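Report on the structure given below.
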Amino acid sequence: MSRDPGQAFTGEFDAATTKILPSAGVTKLILLRHGEVEGLTKRIVRGQMDEPLSPRGSRESSVLAEWLARTADRPDVVFASDLVRCRVLGEDVAARSARILVVDRRLREQHMGAWEGRSWAEITAVESAAVTAYWSDYYRARPTNGESFADLEERVLEWWKETLRTHAGRTIVVATHIGVIRVLCCRLLGVPADQALRFAPATGSATAFSIGEAGAVMTQCGERPWSFEATLTSTARTTSTPRIALSGSAGTGKTTLGRRLAAELGVPFIDEIMRRKLESGFDMHGLSRADWRALMREQWDEQRALQDAAQSGFVVDRSSIDYAAFFLHYDLHVDIDASEWMEEMAAQSARYDHILLFPWGVLPLVDDGVRSTNAFTQLRFQTILEGLLQRFVRTAVLNVPRELGFDARLASVMRRVGTTRA
């Protein structure tokens with residue numbers, strides 16, 4: 001007699017469930033606002049005036065490009081407005097990622113017509129009715145001989161539809177203006193465009209989205225990296241004793257690539273402490289939060305001692321920032337002040353030359369009796385980890401390419417850590 005399978009999972013999701021699952025074809029869009037322009041304090045209407053960056057603006061753009069290269073996936077394509085304040089930023093980002101810059105006039109700021117180059121006080125004295133009408137209906141009203149926000153929206157969305165059709169599933173970086181960023185924020189978040197002024201990313205900032213079939217998620221909103229001084233001032237040490245940490249959720253290929261990388265560099269490979277403990281038969285069920293916190297401290301102290309003892313350098317499976325992510329992932333911050341632990345892990349990250357961040361969802365999860373095979377559990381940890389790496393890390397973070405096979409991945413990593421195979 002056959003048994004009714006009831007609600008047993010068959011290994012396949014229905015269409016509705018599949019639609020809301022994390023998509024392997026997620027498009028990443030990173031919108032960069034140009035740095036400060038010359039004469040910013042004069043309070044004039046600029047629009048499409050082709051003004052250069054101020055010295056501070058040049059620094060903002062340079063730091064933004066450097067920060068992006070450290071913390072984000074390598075862009076597949078880089079776009080920029082043709083106005084110089086955006087083009088120089090786009091050129092810098094493209095050069096750092098070995099991409100050709102695509103310049104597009106549709107990414108220009110809103111054209112303010114006859115008002116450009118004049119102060120609001122001057123314009124109001126001459127065209128008070130037009131200025132009142134403009135601010136009463138910012139979306140539809142046009143400056144004299146200029147564009148309304150609706151006009152800007154039309155040309156930007158024309159560019160976006162073409163770009164998404166051509167580059168879906170890839171990483172797209174755009175160096176542009178606040179008006180363009182506002183248009184795209186409204187469209188991706190479903191906000192009416194007449195509410196666009198609610199979005200106000202500062203000069204020299206990054207706003208980012210992850211876009212899938214089910215919709216878009218804003219992952220950054222106007223972040224200005226130079227406020228994270230430790231991130232900006234840290235530089236990778238160039239020594240003959242490489243100190244490299246591997247970071248990422250379980251099942252991303254860290255151990256396999258890490259062992260090979262260590263062999264190529266001639267340094268010891270330090271295994272993940274918790275994995276060794278679990279493989280030896282340790283039962284973690286029934287531990288209280290206090291037990292978990294004590295275990296986390298014990299594990300970190302052991303790993304740090306192994307790192308300190310590796311005088312010739314090392315490759316280690318798990319960075320200190322991974323330990324900070326575990327603290328949040330397992331709710332170990334509940335009922336205590338976790339700031340001391342988080343600061344310690346952030347400070348320890350400065351001791352690595354590089355942290356290699358492995359991408360989630362590239363390799364199938366294998367049931368080895370140790371790691372969780374629940375993709376959402378791994379995604380939760382990975383999401384926490386990536387956020388902490390962006391905000392707390394004090395060394396260079398290199399994103400391990402997701403699209404390459406093992407040998408190509410290894411070669412890419414070795415080039416980027418400043419070492420090539422003989």
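Placing a label point 7 Å from the Cα of residue 221 along the Cα-to-Cβ direction, the residues of segment 167-204 whose backbone N falls under 14 Å from that point are 182, 185-192, 196-202. Across all directions, the average projected area of the convex hull around the alpha carbons of segment 63-193 is 9.0 nm². Between residue 308 and residue 194, the FRET efficiency from the beta-carbon distance, with R0 = 56 Å, is close to 0.45. When you restrict to C-alpha pairs under 8 Å that are six or more residues apart and normalise by the size of segment 19-227, the relative contact order lands at 33 percent.
Estimate the FRET efficiency between residue 340 and residue 59 by the formula 1/(1 + (r/R0)^6), using the beta-carbon distance for r and 30 Å for R0, to the nearest 0.05.
Given R0 = 30 Å and the Cβ-Cβ separation, E is 0.35.
Taking the Cβ of residue 256 as the centre, find all other residues whose Cβ is under 11 Å away and add up their charges (Lys, Arg: +1; Asp, Glu: -1). For residues surrounding residue 256, the net value is +3.
Give me the number: length gained by fully extending residue 136 to residue 291, i.e. 0.36 nm times residue separation minus the C-alpha to C-alpha distance, one decimal in nm. Kindly include the intermediate steps, with their values, before the conclusion.
Numbers: separation 155, 0.36 × 155 = 55.80 nm, distance 6.05 nm.
Additional length available on full extension: 49.7 nm.
Where a number appears in this text, it was derived from the coordinates with a stated rule and is not lab data. Being a predicted model, the structure only gives us computed values, none of them experimental. Virtual Cβ from ideal backbone geometry, glycine too; neighbours counted across all protein chains shown.
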